[in-house]
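Undergrad: I'd like to ask you about the structure that follows.
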Amino acid sequence: MTNNMQFKASYLSVLVKQLVVVFFLLAAFQSIAYSNNSATPELSQQDIRALIKSVRTDKVDYLLNKKQITQAYEQSKLKQNDALHLEAAAIYAELLFREEKYEELNKHLTVYLSNQQLSKQPDVLLLFLESQLKLLSLQKELQKANDVVNQLKTRFSQSTPAEKIIILKAFAYFYTETDELKKTLSVALDGLELAMQNNDIASQGYFYRKIADAYNYLENKEKAITYAKKALIAYQQTQDGLYTAKAYWSLGNVLLEINKPNESLIYLDKALSYFESVNMQKGLSFAQYSIANILYKQENYEDALALATKNIEVAHLAGIGDMKLASMILMLDIYKKQGLLEKADKMNDEVFSMIDDFSRSIYCLLYTSDAADE
């Protein structure tokens, strides 16, 4: 190789190395720039207040905005404003409940319910107590739940109308979970009256739905449909996707029970779509069960069996015993229709063994009435 060629090769080698360095620096710069641009901007106290107000007035969906709500809660700790932080923490508690993070919620409530500053913010304290009562009701810790109920009853007379609505929503949830349906109707009707006086559309939807579900379980289907439709109309005026989806489910479910499966499926599919989009296992379990029921009524036994089988696993993982049992009862009925008596007998034994372990008396009635018909 000549000296000239050696020089050119050396020059090219140096040039390539320099270009590599340049490209590396450019890539690093772009990476840093992207990182800075994509970093979540810090929220001011005004930003946090605005977000909390939007959430509390149902102009923002909890689950679709969980990152922003979590950020507001975490950054409010740094703002040296106890009142703002406690309100953000109360909103975050509801988010944890909707995300079905019950263990994390329990720890969260333990920390904040002992905060002495809460006495200065009665509406925020009530939000925490509502979350606590819903959690205790769901976990069947009824003695502790009753203690919270008594605490709320003591506060009721001295509360503002807006605060009373929070208390009555908590009661409506508790009485529904414990199958005290006449009490559900009573507190929901009282709550509905207050919500209408306060022009609180979202709370009207909440109470309409509780009334609808109570009437449905009490076998007054006409009133159940009336109130379920009102609940849906109310929630469609808000941005609360979860409770709108639950209203779809309630209406779809009662339509299914009066043998209108095609109309029912329209609403249940809408509910299922939202539950899937936010990965809400409880809602998913209820919607899938109802859709499996429609497939069963349409004599589509294979698809109904596949969905019911899938739903048993979903309900089990979500800790929803009544939905697991309901899906098992549906599978039992399908096996009977298919003439698979050995599988039906085995499933019947499994159903009977866990009949005392679930909450919804309506499913118990369904099972015992089917057994009586045999």
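Undergrad: Report THR57's accessible area, 1.4 Å probe, all protein chains in place, as a number in Å² to the nearest 10.
TA: Around 70 Å² of this residue is reachable by solvent.
Undergrad: May I pose another question? Hey, rough spin-label estimate for LYS336 and LYS79, points 7 angstrom out along Cα→Cβ, what's it come to in nanometres?
TA: Distance between the two pseudo-spin positions: 5.8 nm.
Undergrad: Roughly how far apart, in whole Å, are the Cα centres of the range 104-166 and the range 191-241?
TA: One Cα centre to the other: 23 Å.
Undergrad: Next question, about the same structure. When only Cα pairs under 8 Å and 6 or more residues apart are kept, what is the percent relative contact order across the range 218-347?
TA: Reported relative contact order: 16 percent.
Undergrad: Here is a follow-up. As I understand it, the dipole of the range 254-364 uses +1 on the Cβ of Lys and Arg and -1 on the Cβ of Asp and Glu, about the Cα centre. Which of PRO261, ASN293, ILE320 lies farthest toward its positive end?
TA: PRO261
Undergrad: Toward the positive end of the charge dipole of the range 228-285, about the Cα centre and with charges on Cβ (Lys, Arg +1; Asp, Glu -1), which of GLN281, ALA231, ALA247 goes farthest?
TA: ALA231
Undergrad: Oh, and also: Just the number please: accessible area per residue for the range 260-358, 1.4 Å probe, all protein chains included, in Å².
TA: 49 Å²
Undergrad: Let me ask something additional. About its Cα centre, what dipole magnitude does the range 185-257 give when the only charges are +1 on Lys and Arg Cβ and -1 on Asp and Glu Cβ, stated in debye to the nearest 20?
TA: Dipole size: approximately 160 debye.
Undergrad: So which chymotrypsin sites (Phe, Trp or Tyr not before Pro) in the range 268-313 pass both tests, a DSSP loop state and at most 13 other Cβ atoms within 10 Å of the Cβ?
TA: Passing both the DSSP loop test and the Cβ count: no residue.
Undergrad: Along its three principal axes, how long is the range 266-358 when you only count alpha carbons? Whole Å, largest extent first please.
TA: 38, 30, 15
Undergrad: Using only protein heavy atoms and a 1.4 Å probe, report how much of MET331 is accessible, in Å² to the nearest 10.
TA: 10 Å²
Undergrad: With r defined as the distance between the Cβ atoms of GLU219 and THR160 and R0 fixed at 56 Å, what FRET efficiency is calculated, to the nearest 0.05?
TA: 0.95
Undergrad: Per residue, how much accessible area does the range 80-201 show when a 1.4 Å probe rolls over the protein heavy atoms, in square angstrom?
TA: Ligands and nucleic acids excluded, the figure is 46 Å² per residue.
Undergrad: With a 1.4 Å probe and all protein chains left in place, how much of the accessible area of the range 220-363 comes from carbon and sulfur atoms, in whole percent?
TA: Carbon and sulfur together cover 48 percent of it.
The values are calculated or read from the model by the stated rules, or taken from the named source; none is laboratory data. Fair warning: this is a prediction, and the values are worked out from it, not measured in the lab. Positions of Cβ are backbone-derived with ideal geometry, glycine not excepted, and every protein chain shown enters the neighbour counts. Side chains included, ligands, DNA and RNA excluded: accessible areas come from the protein's heavy atoms. Shrake-Rupley method; radii C 1.70, N 1.55, O 1.52, S 1.80 Å.
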